[in-house]
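Working notes for the structure below.
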Amino acid sequence: MNNITILSPSWKRAKTACTHKAVNNLRYVVCEAQADDYAKRKLPLLVCPDSAQGSTSRIRNWILDNSPTENLVITDDDIGSFGRWDGNTKNRMKPEEVNDFIESGFLLAEEWDCRYWGMNLLPDKGMCHEFRPFSLHNAILGPFGGFRLPLPIRYPESLPLKEDYDFSLQVLNKYRRVLRFNYVHYNAAQHTNLGGCADFRNIQQELEQARLLQKRWGPDIVRIEYGDKQKKGQKKEAHYDINPLIRVPIGGI
(Lines give C-alpha, C1' and ligand atoms only; values in the text may rest on other atoms or scores of the structure.)
Protein backbone atom coordinates (compact mmCIF):
# COMPACT_ATOMS: atom_id res chain seq x y z
CA MET A 1 0.00 0.00 0.00
CA ASN A 2 1.52 3.29 -1.11
CA ASN A 3 -1.38 5.47 0.00
CA ILE A 4 -0.40 5.70 3.69
CA THR A 5 0.58 8.95 5.40
CA ILE A 6 2.37 8.89 8.76
CA LEU A 7 2.32 12.20 10.63
CA SER A 8 3.43 13.24 14.10
CA PRO A 9 2.29 16.54 15.61
CA SER A 10 5.14 18.16 17.50
CA TRP A 11 5.43 21.32 19.56
CA LYS A 12 8.58 22.70 21.20
CA ARG A 13 10.43 19.42 20.76
CA ALA A 14 12.83 20.27 17.96
CA LYS A 15 15.73 18.82 19.97
CA THR A 16 14.00 15.73 21.35
CA ALA A 17 11.51 14.49 18.71
CA CYS A 18 12.55 10.92 17.99
CA THR A 19 9.72 8.88 16.45
CA HIS A 20 11.26 9.20 12.97
CA LYS A 21 13.94 6.79 14.20
CA ALA A 22 11.32 4.15 15.06
CA VAL A 23 9.29 4.22 11.83
CA ASN A 24 10.18 5.18 8.27
CA ASN A 25 8.44 7.79 6.10
CA LEU A 26 7.23 9.85 9.05
CA ARG A 27 6.85 13.62 8.93
CA TYR A 28 6.53 15.96 11.90
CA VAL A 29 3.67 18.44 11.76
CA VAL A 30 5.01 21.71 13.16
CA CYS A 31 3.74 25.27 13.06
CA GLU A 32 5.37 27.97 10.96
CA ALA A 33 6.85 29.73 14.00
CA GLN A 34 8.85 26.63 14.99
CA ALA A 35 9.63 25.13 11.60
CA ASP A 36 13.17 26.55 11.41
CA ASP A 37 14.12 24.92 14.72
CA TYR A 38 13.11 21.50 13.39
CA ALA A 39 14.68 22.15 9.99
CA LYS A 40 18.05 22.67 11.67
CA ARG A 41 17.97 18.96 12.60
CA LYS A 42 16.97 18.17 9.02
CA LEU A 43 13.81 16.46 10.24
CA PRO A 44 11.09 15.59 7.71
CA LEU A 45 8.35 18.20 8.09
CA LEU A 46 4.82 19.14 7.18
CA VAL A 47 4.37 22.78 8.14
CA CYS A 48 0.95 23.85 9.42
CA PRO A 49 -0.37 27.35 10.17
CA ASP A 50 0.34 28.72 13.63
CA SER A 51 -3.43 28.83 14.16
CA ALA A 52 -3.59 25.02 13.88
CA GLN A 53 -1.57 24.64 17.06
CA GLY A 54 -2.70 25.51 20.57
CA SER A 55 -4.02 22.16 21.76
CA THR A 56 -3.65 18.49 20.98
CA SER A 57 -7.22 18.36 19.74
CA ARG A 58 -6.82 21.29 17.35
CA ILE A 59 -3.67 20.01 15.67
CA ARG A 60 -5.01 16.47 15.37
CA ASN A 61 -8.18 17.81 13.77
CA TRP A 62 -6.10 19.87 11.35
CA ILE A 63 -4.21 16.71 10.37
CA LEU A 64 -7.47 14.80 9.85
CA ASP A 65 -8.74 17.63 7.65
CA ASN A 66 -5.54 17.90 5.61
CA SER A 67 -4.27 14.35 5.19
CA PRO A 68 -3.13 13.78 1.59
CA THR A 69 -4.24 10.13 1.72
CA GLU A 70 -7.24 8.19 2.99
CA ASN A 71 -5.02 5.96 5.14
CA LEU A 72 -3.53 8.08 7.90
CA VAL A 73 -1.42 7.34 10.97
CA ILE A 74 -1.07 9.95 13.71
CA THR A 75 1.61 9.15 16.24
CA ASP A 76 3.31 10.98 19.10
CA ASP A 77 6.73 12.52 18.58
CA ASP A 78 8.37 10.90 21.62
CA ILE A 79 8.11 7.21 20.75
CA GLY A 80 11.50 5.58 21.18
CA SER A 81 10.49 2.20 19.78
CA PHE A 82 7.68 -0.17 18.92
CA GLY A 83 7.58 -3.73 20.19
CA ARG A 84 5.62 -6.94 19.89
CA TRP A 85 5.15 -10.06 21.94
CA ASP A 86 5.81 -13.38 20.27
CA GLY A 87 4.76 -15.89 22.88
CA ASN A 88 6.72 -14.97 26.00
CA THR A 89 9.39 -13.12 24.05
CA LYS A 90 9.24 -9.34 23.68
CA ASN A 91 10.87 -8.16 20.47
CA ARG A 92 11.82 -4.64 19.51
CA MET A 93 10.57 -3.90 16.01
CA LYS A 94 12.87 -2.45 13.39
CA PRO A 95 11.55 0.60 11.49
CA GLU A 96 10.87 -1.43 8.35
CA GLU A 97 8.95 -3.96 10.46
CA VAL A 98 6.82 -1.16 11.87
CA ASN A 99 5.99 0.02 8.36
CA ASP A 100 5.06 -3.52 7.32
CA PHE A 101 2.86 -3.77 10.40
CA ILE A 102 1.14 -0.47 9.56
CA GLU A 103 0.35 -1.73 6.07
CA SER A 104 -1.07 -4.96 7.51
CA GLY A 105 -3.03 -2.94 10.06
CA PHE A 106 -4.84 -0.98 7.38
CA LEU A 107 -5.54 -4.13 5.36
CA LEU A 108 -7.11 -5.87 8.36
CA ALA A 109 -9.00 -2.74 9.40
CA GLU A 110 -10.49 -2.56 5.91
CA GLU A 111 -11.35 -6.26 5.92
CA TRP A 112 -13.05 -5.97 9.32
CA ASP A 113 -14.67 -2.64 8.44
CA CYS A 114 -12.94 -0.70 11.25
CA ARG A 115 -12.49 3.02 10.62
CA TYR A 116 -10.05 3.47 13.51
CA TRP A 117 -7.30 1.13 14.72
CA GLY A 118 -4.28 1.08 16.99
CA MET A 119 -2.17 -0.94 19.39
CA ASN A 120 -1.70 -1.74 23.05
CA LEU A 121 -0.85 1.20 25.27
CA LEU A 122 1.42 -0.80 27.61
CA PRO A 123 4.39 -3.12 26.94
CA ASP A 124 3.52 -5.39 29.88
CA LYS A 125 3.05 -9.07 29.12
CA GLY A 126 -0.10 -9.05 31.25
CA MET A 127 -1.69 -6.63 28.79
CA CYS A 128 -0.79 -8.72 25.77
CA HIS A 129 -3.80 -11.09 26.02
CA GLU A 130 -1.98 -14.02 24.40
CA PHE A 131 -5.20 -15.76 23.43
CA ARG A 132 -6.82 -12.51 22.33
CA PRO A 133 -4.38 -10.89 19.90
CA PHE A 134 -7.08 -8.52 18.65
CA SER A 135 -9.90 -6.67 20.35
CA LEU A 136 -12.73 -4.59 18.94
CA HIS A 137 -14.04 -2.71 21.96
CA ASN A 138 -10.98 -1.39 23.80
CA ALA A 139 -10.03 2.28 23.78
CA ILE A 140 -7.18 3.34 21.48
CA LEU A 141 -5.10 6.20 22.84
CA GLY A 142 -3.34 9.12 21.20
CA PRO A 143 0.29 7.95 20.91
CA PHE A 144 -0.62 5.80 17.90
CA GLY A 145 -3.77 5.70 15.80
CA GLY A 146 -4.66 4.56 12.29
CA PHE A 147 -7.54 6.33 10.52
CA ARG A 148 -9.44 5.24 7.44
CA LEU A 149 -10.70 8.52 6.02
CA PRO A 150 -13.09 10.16 5.54
CA LEU A 151 -14.09 9.89 9.17
CA PRO A 152 -16.74 12.40 10.37
CA ILE A 153 -15.47 12.50 13.95
CA ARG A 154 -13.16 15.03 15.53
CA TYR A 155 -11.28 15.53 18.79
CA PRO A 156 -13.03 17.84 21.30
CA GLU A 157 -11.07 20.99 22.11
CA SER A 158 -12.75 21.08 25.51
CA LEU A 159 -10.80 17.94 26.52
CA PRO A 160 -7.18 18.60 25.47
CA LEU A 161 -5.82 16.03 27.99
CA LYS A 162 -8.41 13.29 27.47
CA GLU A 163 -9.27 13.92 23.83
CA ASP A 164 -8.03 10.50 22.74
CA TYR A 165 -10.36 8.69 25.14
CA ASP A 166 -13.26 10.75 23.88
CA PHE A 167 -12.36 10.10 20.23
CA SER A 168 -12.30 6.33 20.81
CA LEU A 169 -15.67 6.47 22.53
CA GLN A 170 -17.13 8.54 19.69
CA VAL A 171 -15.95 6.03 17.10
CA LEU A 172 -17.22 3.10 19.16
CA ASN A 173 -20.56 4.80 19.65
CA LYS A 174 -21.00 5.45 15.93
CA TYR A 175 -19.40 2.38 14.31
CA ARG A 176 -19.58 -0.11 17.23
CA ARG A 177 -15.97 -1.25 16.79
CA VAL A 178 -12.34 -0.21 16.69
CA LEU A 179 -9.44 -2.56 15.98
CA ARG A 180 -6.66 -2.90 18.56
CA PHE A 181 -3.60 -5.12 18.13
CA ASN A 182 -2.98 -6.32 21.68
CA TYR A 183 0.37 -7.98 20.93
CA VAL A 184 1.97 -4.79 19.56
CA HIS A 185 2.84 -1.77 21.70
CA TYR A 186 4.73 1.52 21.74
CA ASN A 187 7.35 2.83 24.17
CA ALA A 188 6.95 6.56 24.72
CA ALA A 189 8.18 9.21 27.16
CA GLN A 190 4.70 10.64 27.62
CA HIS A 191 4.95 12.07 31.12
CA THR A 192 8.66 12.89 31.30
CA ASN A 193 9.41 14.70 28.05
CA LEU A 194 9.41 18.50 27.94
CA GLY A 195 7.29 20.33 25.39
CA GLY A 196 3.95 19.18 24.01
CA CYS A 197 1.28 18.61 26.67
CA ALA A 198 3.94 18.45 29.37
CA ASP A 199 4.21 22.24 29.25
CA PHE A 200 0.74 22.76 30.65
CA ARG A 201 -0.59 19.54 32.19
CA ASN A 202 -0.65 18.88 35.92
CA ILE A 203 -2.43 16.48 38.27
CA GLN A 204 -5.31 18.84 39.02
CA GLN A 205 -5.96 19.47 35.34
CA GLU A 206 -5.82 15.74 34.65
CA LEU A 207 -8.46 15.14 37.31
CA GLU A 208 -10.70 17.92 36.01
CA GLN A 209 -10.43 16.54 32.49
CA ALA A 210 -11.21 13.01 33.67
CA ARG A 211 -14.31 14.30 35.43
CA LEU A 212 -15.43 16.14 32.31
CA LEU A 213 -14.95 12.96 30.28
CA GLN A 214 -16.98 11.04 32.84
CA LYS A 215 -19.72 13.68 32.69
CA ARG A 216 -19.90 13.29 28.89
CA TRP A 217 -20.13 9.49 28.87
CA GLY A 218 -21.34 8.53 32.34
CA PRO A 219 -19.70 6.76 35.30
CA ASP A 220 -20.56 3.29 34.00
CA ILE A 221 -18.37 3.85 30.93
CA VAL A 222 -15.71 6.19 32.35
CA ARG A 223 -14.47 5.17 35.78
CA ILE A 224 -12.01 7.17 37.86
CA GLU A 225 -10.05 5.06 40.31
CA TYR A 226 -9.95 6.73 43.71
CA GLY A 227 -8.28 5.39 46.82
CA ASP A 228 -6.48 6.27 50.02
CA LYS A 229 -2.77 6.66 50.41
CA GLN A 230 -1.23 6.78 53.84
CA LYS A 231 2.29 6.96 55.14
CA LYS A 232 3.25 6.39 58.73
CA GLY A 233 2.57 9.49 60.80
CA GLN A 234 0.66 11.23 57.99
CA LYS A 235 -2.97 11.86 57.34
CA LYS A 236 -4.67 9.95 54.60
CA GLU A 237 -4.51 11.69 51.24
CA ALA A 238 -6.86 10.98 48.37
CA HIS A 239 -5.24 9.84 45.15
CA TYR A 240 -6.40 8.56 41.78
CA ASP A 241 -5.15 7.11 38.55
CA ILE A 242 -4.76 9.91 35.98
CA ASN A 243 -5.88 7.46 33.28
CA PRO A 244 -9.58 6.58 33.65
CA LEU A 245 -10.84 3.05 33.13
CA ILE A 246 -13.05 2.65 30.07
CA ARG A 247 -15.77 0.02 30.07
CA VAL A 248 -17.55 -0.05 26.73
CA PRO A 249 -21.05 -1.62 26.95
CA ILE A 250 -20.76 -3.49 23.64
CA GLY A 251 -20.70 -7.27 23.55
CA GLY A 252 -18.01 -9.34 21.92
CA ILE A 253 -14.24 -9.48 22.11
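The values are calculated or read from the model by the stated rules, or taken from the named source; none is laboratory data. Note that the structure is predicted; figures quoted are calculated from it, not measured. Please note: Cβ atoms are built from the backbone with ideal geometry, for glycine as well, and neighbour counts cover all protein chains shown.
At a glance:
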quantity: Filter result for the condition that a residue is at pLDDT below 95 and more than 25 Å from Val23 (Cβ to Cβ), over Tyr226, Tyr175; calculated: Tyr226
quantity: Test: Ala198 is at pLDDT below 85 and either in a strand (DSSP E or B) or surrounded by 10 or more Cβ atoms within 10 Å (Cβ to Cβ) (or both); calculated: yes
quantity: Residues (closer than 19 Å to Trp117 by Cα, buried (at least 23 other Cβ atoms within 10 Å of the Cβ) and polar (S, T, N, Q)) located in region 1-18; calculated: Ser8
quantity: In region 19-33, the residues that are crowded, with 17+ Cβ neighbours inside 10 Å and without any contact (Cβ under 8 Å) to a residue 24 or more places away in the chain; calculated: Val30, Cys31
quantity: Total residues in region 1-49, condition under 15 Å from Ile79 (Cα atoms) and of a type in the set (Phe, Trp, Tyr); calculated: 2
quantity: Among residues of region 131-147, those that are assigned to a strand (DSSP E or B) and closer than 12 Å to Leu179 by Cβ, counted; calculated: 5
quantity: Residue in region 112-120 that is more than 16 Å from the chain's Cα centre (by Cα), closer than 13 Å to His185 by Cβ and aromatic (Phe, Trp, Tyr) present; calculated: no
quantity: Failed condition for Tyr116, given (1) modelled with pLDDT of 95 or more; (2) closer than 16 Å to Tyr183 by Cα; (3) not polar (S, T, N, Q); calculated: (2)
quantity: Any hit, region 32-45, residues being touching a His at 6+ places or on another chain (Cβ under 8 Å) and not β-branched (Val, Ile, Thr); calculated: yes
quantity: Tally, over region 211-226, of residues that are over 14 Å from Asn173 (Cβ atoms) and not in a loop (DSSP other than H, G, I, E, B); calculated: 6
quantity: Residue pairs meeting the criteria (Cβ under 6 Å; at least 6 apart or on separate chains; first at negative phi, in region 56-84; second buried (at least 19 other Cβ atoms within 10 Å of the Cβ) and among the acidic types (Asp, Glu)); calculated: Thr56/Glu163; Ser57/Glu163
quantity: Residue that is surrounded by the most Cβ atoms within 10 Å (Cβ to Cβ) [pool: residues in region 102-128 that are under 22 Å from Ala17 (Cα atoms) and not aliphatic (A, V, I, L, M)]; calculated: Gly118
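A quick yes/no check of all residues on (1) in contact with a Phe, Trp or Tyr (Cβ under 8 Å, 6 or more places away or on another chain); (2) at pLDDT 95 or above:
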site	(1), (2)
Arg27	no, yes
Asp36	no, yes
Ile59	yes, yes
Asn66	no, yes
Thr75	yes, yes
Thr89	no, no
Pro95	no, yes
